Amino acid sequence: MIPVVKKLTRLGGIFKLPESGKIFTGTESFGIAKILKQELSKRGKDFSIVAHSRHGSTFELLLDGNLINHPQGYRIILQPSKVSFVAATNQGLFYALQTFKQLLREQNDALESAAIEDEPDFENRAFMLDISRNRVPKMETLKKLVELLSELKYNQLQLYMEHTFAYEKHEKVWRDYSPLTHEEILELDEYCRERFIELVPNQNCFGHLEKWLIHDEYRHLAECPDGFVFPWGVPSGPFSLSPAVEESLKFVESLLEELLPHFSSSKVNVGADETFDLGLGRSKELCEKFGKGRVYLNFLLGLYRIVKRHGRTMMFWGDIIKNYPKLVGELPNDVIALLWGYEEDHPYETECELFASKGISFYVCPGTSSWNSFVGRLDNALGNVRNAIRNGKKFNALGFLLTDWGDNGHTQHFPVSILPIVYAATLGWNVSVDFSTEELLKQTDVHVFGIGSLSEKLHTLGNMYKNLSVQLPNASVYFTALMFPERFLENLDALDENDVEAIKEALQQVEDLIRELLELRNESSRIFVDQIVNNARMLGLAMEWMLLAKEYERIDRIGESIWKDFATRFAQVVEEYKKLWLESNRLGGLNQSVEKLTRLLKLK
């Protein structure tokens, strides 16, 4: 099951799900009983809900805080004639039903009698989806995500926003990106609450505001109005708000004043990560006088005061303040730091120890490693999740937040992220479980994809990043070669002859896997298979391009017929990408994503 339960005791005998019967519940758990009834109805069973007598009922839902210590814990007693669900809260009963649903799926209505006792290791099990790198999901897609997360017993969802909420007075910023509306957030918040998921607002309030600051109306708020150069040498437009501009905090306050009332959550994530340009522009003198760390902290405390006026708890990314250990201790004791790092060997132990030693509450925040990759960097993702969650448990983190970013156009489709999502769900609920890769693939096929061997093929694709001698942080070489072709051409010497042979072998393997995936395709698996195949084809194009570049060294040396064939197939993959995008996501942002994806075709 996903997550793996803490304790299962076999009792002997078999419970066979009857065609009809009764569900006993108290009035306070009627909503949970309706969920059970709906699940049984999907299986063709006819059950009614009663509250007057337990006698003769097939199922009973019992709330008793004297029997279950943990508010999210539960007990299931499967007897040959009856199933009892016991919890201290409706949330616990809801999780019991998710486990029971998976048992039915695995054992096909004839369940081995057993007693199950279960509760989570982490109180807060959160997932964050980036909706600011062009791809904004449709409401139907978001609700399907909530359904998946609730079955996996996640209890928080964040949608990372920079410019994709329809602020009333700022249409110029979001006009081309099909943002979430006020009513949609209210609807989604209610949908999440019904499934015991807290929809936490996530609006970056410091850095990563280029979509705002490029416009003249907001440029006066920017740290570097004319842009700057990232530490890795890439030029950027205006990026962060400037702490030296008094209106910056007033601007943030106006945004949060409009955004926060649409969320029932007691938390808000204000971002404040990767402020690369701090001290390079308008705040240069402040930083020279007081130190960059102090200037950063003072602005963060300004955000904190705004959040407190709204009666919320502030969450923020901890990547900047961790560089100033003495200042960590000056943080208010009622904030939540979000400690992130996306490589398998990220120093989570050191970072957790730092914040724990200062008495600052924190989450650990690994990633799915799906972005900048086409098909993921799967082993890195699993190692990253394992590292973060185990150290989070060791240092008493409040929870974990699994992040799913969309850097450089969000080219990866959602299935690329599913295996890390499943893995984090299990480890975050039950840290001590020995959940092997083999078991991960098997359980994901059963409970998510609903088709055998799909996970295995996704696993193979997701580890192809490892077959080259060159490895990059936070990205696959294949992805960067296709998306940034000029940079790749400048570094051709980094690939040796062994790499060339490895690419040829991998390309053949990709083509074989695509054929095998298409053989698995049926009505129920169509969307999963088509999305994985599309990303696999992108990976194949990247490999072909690398081989062409290595052979000819310059684009203008590649023969016209060879290039025409490559470009034609590339265009076909892009058309397929557009179609799949629009099945699940809004139109806004698609053209911007395709523009990034097809830069190579414009070079010849």
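Every number here is computed from the coordinates shown, using simple stated rules; none is lab data. A quick note: this is a predicted structure, and the numbers were derived from the prediction, not measured. No Cβ is skipped: glycine too gets one built from the backbone with ideal geometry, and neighbour counts run over all protein chains shown.
Over the chain, the fraction of Cα-Cα pairs per 20 Å bin, rounded to whole percents and listed from the shortest bin up, is 19, 50, 27, 4, 0. Placing pseudo-labels 7 Å out from each Cα toward the beta carbon at L582 and E595 gives an inter-label distance of 1.9 nm.
Note down, for the range 1-82, the three equivalent ellipsoid semi-axes (square root of 5 times each alpha carbon gyration tensor eigenvalue), biggest first, whole angstrom. Kindly include the intermediate steps, with their values, before the conclusion.
Details: eigenvalues 85, 63, 36 Å².
They are 21, 18, 13 Å, listed from largest to smallest.
Within 10 Å, Cβ to Cβ, of L482, how many net charges do the neighbouring residues add up to if Lys/Arg are +1 and Asp/Glu are -1? So the surrounding residues net to 0. Helix-only arithmetic for the chain: the sum of -39500 (n - 2.57) across DSSP H runs with n ≥ 4, divided by the residue total, places the mean residue ellipticity at 222 nm at -13500 deg cm²/dmol.
Find the centroid of the Cα atoms in the range 17-44 and in the range 200-224, then give the distance between the two in whole Å. Spelled out, the Cα-based centre of one part sits 49 Å from the other. Extension gain, E117 to K442, is 114.7 nm, computed as 0.36 nm per intervening residue step minus the present C-alpha separation.
Determine the sum of side-chain charges near A51: Lys and Arg each +1, Asp and Glu each -1, restricted to other residues whose C-beta is under 14 angstrom from that of A51. Net charge in that neighbourhood comes out at +2. In plain terms, the chain from K82 to R487 could stretch by 139.3 nm, reckoned as 0.36 nm per residue minus the Cα-Cα distance. Rounded, prolate or oblate: which fits the range 419-562 when a ≥ b ≥ c are the square roots of the eigenvalues of the alpha-carbon gyration tensor, with rounded for a/c under 1.5 and prolate only if a/b beats b/c? Taking the square roots of the gyration eigenvalues as a ≥ b ≥ c, the range 419-562 is prolate.
If the chain between E501 and K45 were fully stretched, how many nm would it gain, using 0.36 nm times the residue separation less the Cα-Cα distance?
On the way: separation 456, 0.36 × 456 = 164.16 nm, distance 5.68 nm.
Length gained, E501 through K45: 158.5 nm.
What is the calculated FRET efficiency for K564 to S453, with r their C-beta to C-beta distance and R₀ = 51 Å, to the nearest 0.05? Between K564 and S453 the formula returns 0.90. Between E516 and R105, the C-beta separation translates, for a Förster distance of 35 Å, into a calculated FRET efficiency of about 0.90. Ignoring lysines fewer than eight residues from K393 along the same chain, the ones with Cα atoms less than 18 angstrom from its Cα are K6, K153, K358.
Suppose a student asked you for the relative contact order of the chain, using Cα pairs under 8 Å spaced at least 6 residues apart; what percent would you report?
On the way: 1150 pairs, mean separation 75.4, N = 604.
Reported as a whole number, the value is 12 percent.
Can you classify the range 204-328 as rounded, prolate or oblate using the Cα gyration tensor, where a ≥ b ≥ c are the square roots of its eigenvalues, rounded means a/c under 1.5, and otherwise it's prolate if a/b beats b/c and oblate if not? Verdict is oblate for the range 204-328. V500 sits among other residues whose Cβ lies under 9 Å from its own Cβ, and their net charge, with Lys and Arg +1 and Asp and Glu -1, is -3.
Once the mean of 1/r is taken over each pair of separate Cα atoms and inverted, the range 124-439 shows a Kirkwood hydrodynamic radius of 19.9 Å.
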